[in-house]
Amino acid sequence: MNSEQQYIELYEQARGMIVQHSSDVMNAVRDTAFEQFRSLGFPSRKVERYKYTDMQALFEPDYGLNLNRLEIPVNPYDAFRCDVPNLSTMLYFVVNDAFYSKVLPKGHLPEGVVIGSLREFATSEYYNRLASKDEDALTSLNTMLTQDGLYVYVPKGIVLDKAIQVINILRSDVDLMVNRRVLIIVEEGAEAKFLFCDHAADDRHFLTTQVIEAFVGENSKLDLYCLEETHAKNVRISNVYIDQQANSRVNHNVITLHNGVTRNKLDLEFNGEGAECFCNGCVIADKKQHVDNNTLITHHVPHCTSHELYKYVLNDEAVGAFAGMVYVAKDAQKTSSQMTNQNLCSTKQARMYTQPMLEIYADDVKCAHGSTVGQLNDAAMFYMRQRGIPEKEARLLLQNAFINEVIDQMELEPLRDRLHYLVEKRFRGELNKCEGCKLCK
C-alpha cells in the first residue's frame with residue numbers, strides 16, 4: 001500500500017468525527033483538500049522541491065491520531081517551567097494541535113487583539129487563502145485533517161510591545177501524528193513579534209505537519225522566530241506562507257538545535273511596493289539527523305528587497321539540504337535580492353546539498369546568490385593549537401563563530417543572548433544529556 005493510501009482510507013472512514021470536532025470554516029475547505037491530496041499523493045524525490053527528503057518513507061509508519069479530541073493530561077508548566085530570561089512575553093501553549101485555554105497569560109492584550117483557538121475564531125476571509133494557492137500534498141493533508149490550532153489577529157495600528165511566545169508541546173503515551181495550523185493577521189500599521197518553541201514532553205515517535213499562514217498588511221511589521229528543540233524521534237514538516245503588502249517588513253528566523261527529521265518550506269510573496277524581508281536559518285545537526293530548508297521568495301511588484309542567510313553546521317552522519325529560489329516577475333523592476341547559504345561539514349561522513357536559484361524576468365534588478373560547503377579552516381585550527389587551545393575547544397570556538405552570524409541578525413536581544421548560550425551547549429553535546437526544557441538549564 002502506498003503511504004498516502006492509509007490517509008485516504010482514514011479520511012473516508014473518519015470524516016464525520018473530524019468534522020464534528022472542528023468548525024464550519026475549517027470544514028468548508030476540507031473535502032477539496034482531500035480530493036487534491038488523493039490526486040497528488042505524497043511527492044516523490046523526483047519532485048524538484050522535495051528531492052532531498054523522502055516524504056513517502058516518513059509517512060509510512062502507522063501513527064495514532066486524536067481525532068475524537070480526547071483530553072490528554074498535561075500541565076504545560078511541568079514541560080516548560082521558564083521564560084527566556086529578560087524577554088517579557090505573553091506566554092501561550094498549544095498541546096499537540098489544540099490551543100490550550102486552561103492556562104492563559106496574565107495581563108490584558110490591547111483592545112481588538114485576539115489570540116486564541118483557530119477552531120473558534122477562524123474566518124473564511126483568511127483561512128486557507130494562501131495555502132490553497134499551493135498545490136502541495138503536505139499542505140492538503142494538513143488542511144483535510146487539522147481540527148484546531150492558533151489564531152492571531154492584530155488590528156490596524158496596534159503595536160504589541162510584548163512578544164507573543166507560543167510553546168508547541170508534543171505529548172502522548174503512544175506514537176502520534178499531529179496536524180497543527182496557525183493563522184496570523186497583522187493589519188495595516190500594526191506590529192507583532194512571535195516566538196514559537198517546539199518541545200517534546202514524551203519519548204515517543206511524533207510526526208507533525210504544520211501550516212502557518214501570515215498576512216502582513218501595509219506599513220506593518222511581523223517578526224517570526226521558530227525554535228525547534230525536540231528529540232531524535234520527532235519528524236517535523238512545516239509549510240509557511242507569508243503575504244506582504246506595501247512597505248511592510250518581515251523577519252523570519254528558523255533555528256534547529258535538536259531534531260530527528262525536519263523539513264521546512266517557506267513561500268513568501270511581495271504584493272505591495274517597498275516591502276522588505278529578512279529570512280534567516282540556523283541549523284546544528286549531528287548523529288543521523290536530517291534538516292531540509294526550502295524557500296521561494298516571489299517578487300510580484302517593484303521596489304522590494306529580500307535578504308536570505310542560512311547556515312548549517314553538520315557533524316557525524318548528519319544530512320543537511322538548502323534549496324532557495326528567488327523569482328522576479330516581469331513588472332518587478334528595482335528589485336534587490338541577496339541569498340547566501342554557507343555550510344560547515346565537520347566530518348567526512350556529513351552531507352550537505354545546496355541549490356540556490358534565481359529566476360528573473362525584469363531587466364532593472366540587483367540580485368545575487370552564493371553557496372559554500374567546506375570544513376573547518378586548517379590554518380585557524382593550527383593557529384589556535386599553537387597557542388595552547390585543545391583541539392576539541394578550538395573546533396567548538398570555530399563552529400560557534402561560524403553559526404553566530406545568523407543569530408546576530410535577530411532583533412530580540414534577550415533571545416539572541418540566550419541562543420548564543422544554547423548553541424554553545426549544543427556544540428558541547430550538553431543538550432542531548434538534558435531532560436525537560438533546555439531553556440531552563
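Could you please let me know if Asp223 is among the charged types (D, E, K, R) and either at pLDDT below 95 or assigned to a loop (DSSP other than H, G, I, E, B) (or both)? Spelling it out, it is not the case that Asp223 is among the charged types (D, E, K, R) and either at pLDDT below 95 or assigned to a loop (DSSP other than H, G, I, E, B) (or both).
Filtering Gln36, Gln13 for residues that are of a type outside the set (Val, Ile, Thr), at negative phi, out of contact with any strand residue (DSSP E or B) (no Cβ under 7 Å at 6 or more places or on another chain) and open to solvent by less than 70 Å² (accessible area, probe 1.4 Å) leaves a single hit, Gln36. Pairing residues of the stretch 52-65 that are more than 14 Å from Tyr7 (Cα to Cα) with residues that are of a type outside the set (Gly, Ala, Ser) and outside any loop (DSSP other than H, G, I, E, B), at Cβ distances under 6 Å and at least 6 apart in sequence or on separate chains, gives Tyr52/Asp292; Tyr52/Tyr353; Thr53/Arg263; Thr53/Asp292.
Which residues, counting only those in the stretch 324-350, are under 22 Å from the mean Cα position of the chain (by Cα) and surrounded by 16 or more Cβ atoms within 10 Å (Cβ to Cβ)? The answer is Gly324, Met325, Val326, Tyr327, Ser337, Met339, Thr340, Asn341, Gln342, Asn343, Leu344.
For the stretch 275-299, what are the residues that are farther than 18 Å from Ala214 by Cα and assigned to a loop (DSSP other than H, G, I, E, B)? Listed by number, the residues that qualify are Asp286, Lys287, Lys288, Gln289.
Leu376 falls short on exactly one of the conditions (1) of a type outside the set (D, E, K, R); (2) surrounded by 12 or more Cβ atoms within 10 Å (Cβ to Cβ); (3) outside any loop (DSSP other than H, G, I, E, B); (4) at pLDDT below 90, and that condition is (3). Within the stretch 320-346, residues that are farther than 18 Å from Ile255 by Cα and touching a residue at least 60 places away in the same chain (Cβ under 8 Å) reach partners that are open to solvent by less than 40 Å² (accessible area, probe 1.4 Å) and assigned to a strand (DSSP E or B) with beta carbons closer than 7 Å, at six or more positions or on different chains, in the pairs Ala332/His299. Restricting the stretch 225-278 to residues that are touching a helix residue (DSSP H, G or I) at 6+ places or on another chain (Cβ under 8 Å) and aromatic (Phe, Trp, Tyr), the residue that is farthest from Arg204 (Cα to Cα) is Tyr241. Could you tell me whether the stretch 395-405 includes any residue that is in contact with a His (Cβ under 7 Å, 6 or more places away or on another chain), modelled with pLDDT under 90 and assigned to a helix (DSSP H, G or I)? Within the stretch 395-405, one or more residues are in contact with a His (Cβ under 7 Å, 6 or more places away or on another chain), modelled with pLDDT under 90 and assigned to a helix (DSSP H, G or I). Among the residues making up the stretch 300-318, those that are part of a strand (DSSP E or B) and free of Cβ contacts under 8 Å to residues at least 60 places away in the same chain are Thr305, Ser306, His307, Glu308, Tyr312, Leu314.
If you go through the stretch 139-159 and keep only what is open to solvent by less than 10 Å² (accessible area, probe 1.4 Å) and either in a loop (DSSP other than H, G, I, E, B) or in contact with a Gly (Cβ under 9 Å, 6 or more places away or on another chain) (or both), you end up with Thr146, Gln147, Asp148, Leu150, Val152, Val154. Pairing each residue of the stretch 169-193 that is on the phi > 0 side of the Ramachandran plot with any residue that is of a type in the set (Gly, Ala, Ser) and outside any strand (DSSP E or B), provided the two are 6+ apart or on different chains, yields C-beta distances under 7 Å for Gly189/Gly157; Gly189/Ser220.
The values are calculated or read from the model by the stated rules, or taken from the named source; none is laboratory data. All of these numbers come straight from a predicted model, not from anything done at the bench. As a convention, Cβ positions derive from the backbone with ideal geometry for all residues, glycine included, and neighbour counts pool all protein chains shown. Only protein heavy atoms, including side chains, enter the accessible area calculation; ligands, DNA and RNA are left aside. Shrake-Rupley method; radii C 1.70, N 1.55, O 1.52, S 1.80 Å.
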